[in-house]
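K.L.:
This is the structure, below, for whatever I ask next.
Just so it is clear, none of the values below were taken in a lab; they were calculated from the coordinates. For clarity, every value in this text was computed on a predicted model and none was experimentally measured. Glycine gets a Cβ as well: all are built from the backbone with ideal geometry, and neighbour counts include every protein chain shown.
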């Protein structure tokens, strides 16, 4: 098959099928994507580094294996990219900050090793907010939103969202501690899965707040996310906090899914309207009606109070961030940007009672939310209260984390999984997103529900004009 001008916007599974049938060579598609990155990313800044040489070697190996009949599965030969906080052997892992710019890992993170084992081609390392917190380091170019460069592309997995949306990889790895998969998925119109805490290994991953950090896929649609997630989810003996239960076949679970019959979707009207922009509310309202048409059961619910959970997430993040960075930070504070430095200073200054209250409230909120999920399979929710955040107003939003994180961080505190997917387009030309939040270990159900919605809509097929 010839490399036509729209190949970069194909889905992961479309590319996978062409590679598996030998209509498309992993080497050709990898070269094609590297050329596209070279042409576009000098402006977009979604990559911090491109590993072209190793990507082409991986592609050659994949081509040889597939030609010999040794096909590994849906990621084999498909170019993807990873956020620049995953350890990769022999490659600099900067964590988006000057403080770790010379760090070179001696081995791959477990998730990177599993992706390589699946045959995926790693194109490079994607931009992120410094230390996965707050904003990009001042010394690094900001990643831009491919739909409208005046708008925030979300964070901290900014590069993952932008590169996936812009056709610079077919899927990517993101991390989420307070919204860092969900924000860029919504802002860039891609589908991102924040899994249950512990569903994936964190071995070999720079932490922000270890008791909140999660790792998930960002892709063009729910089926692609299922294929990506299935390659790396599951227990890891090298990460004792990873959950011991084996992960199901997430992609196969989507086979035959038509409609959403029997899926109970919770709706809290007061929650949906709590300071949220009208365009977002309208788009989510239409999505609820589509779920109803797909035979889902819409169930009125009352979401537990989120403000204290959000405060707890902020406190826990600050404290655990300070714990990780303390020695490096105190050795040379000048290497840290203002947002991350402020979080570290706060974390070092909290009194023990404030810290203990945050951890105690986490368990309370988790229990309250668990009771809500005894009557529903998923809760429909905004991702953030604004249609989009202009870069010119970022300081305003970052100064009110309680508001910015109010629809995301509570579900890091509780450890619940969430899938974010596009549900409309705003008047300013950027995507609108919603999230579906589920009970612990309900990733397969969330993927099915999102897949059913995407079979009935085309928002996930919209692409920026690049």
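K.L.:
Of all DSSP beta bridges located in the chain, what percent are antiparallel, nearest 5?
P.N.:
DSSP beta bridges in the chain are roughly 70 percent antiparallel.
K.L.:
Along the Cα→Cβ direction, 7 angstrom out, place labels at residue 255 and residue 38. What is the inter-label distance in nm?
P.N.:
Those two pseudo-labels are separated by 4.2 nm.
K.L.:
Give me the orientation-averaged projected area of the Cα convex hull of region 7-461, in nm², one decimal.
P.N.:
On the way: hull surface 78.2 nm².
Over every viewing direction, the Cα hull of region 7-461 projects on average to 19.5 nm².
K.L.:
Still on this structure: Calculate the spin-label point distance for residue 277 paired with residue 302, positioning each point 7 Å from the Cα along the beta-carbon direction, and give it in nanometres.
P.N.:
3.1
K.L.:
Rank these for me by crowding, 373, 183, 324, going from fewest to most other beta carbons within 10 Å.
P.N.:
324, 373, 183
K.L.:
For a Förster distance of 22 Å, can you work out the FRET efficiency between the beta-carbons of residue 246 and residue 375, rounded to the nearest 0.05?
P.N.:
After rounding, the FRET efficiency stands at 0.20.
K.L.:
For 224, 239, 108, what ranking results if the residue with the fewest other Cβ atoms within 10 Å of its Cβ goes first?
P.N.:
239, 108, 224
K.L.:
Give the Rg/Rh ratio for region 150-295, taking Rg as the radius of gyration of the Cα atoms and Rh as the Kirkwood radius, to two decimals.
P.N.:
0.99
K.L.:
Run the simple label-point estimate for residue 466 and residue 328 please: 7 Å along Cα→C-beta, distance reported in nm.
P.N.:
So the two model labels end up 2.7 nm from each other.
K.L.:
If you stretched the chain out fully between residue 354 and residue 270, how much longer would it get, using 0.36 nm times the residue separation minus the C-alpha to C-alpha distance? List each step's numbers first, then the result.
P.N.:
On the way: separation 84, 0.36 × 84 = 30.24 nm, distance 2.92 nm.
Between residue 354 and residue 270, full extension yields an extra 27.3 nm.
K.L.:
May I pose another question? Can you tell me the length gained on complete extension of the stretch residue 68 to residue 393, counting 0.36 nm per residue apart and subtracting the Cα distance?
P.N.:
So the extension gain works out to 111.6 nm.
K.L.:
Which percent of Cα pairs goes in each bin when the distances of region 282-388 are cut into 10 angstrom slices starting at zero?
P.N.:
P(r) over region 282-388, rounded to whole percents: 12, 29, 26, 19, 11, 2.
K.L.:
Still on this structure, please answer the following. How much mean residue ellipticity at 222 nm does the chain get from its helices, if each DSSP H run of length 4 or more adds -39500 (n - 2.57) and you divide by all residues, to the nearest 500 deg cm²/dmol?
P.N.:
Computed ellipticity for the chain at 222 nm equals -12000 deg cm²/dmol.
K.L.:
What is the fewest-to-most order of 326, 83 by other Cβ atoms lying within 10 Å of their Cβ?
P.N.:
The order, fewest Cβ neighbours first, is 326, 83.
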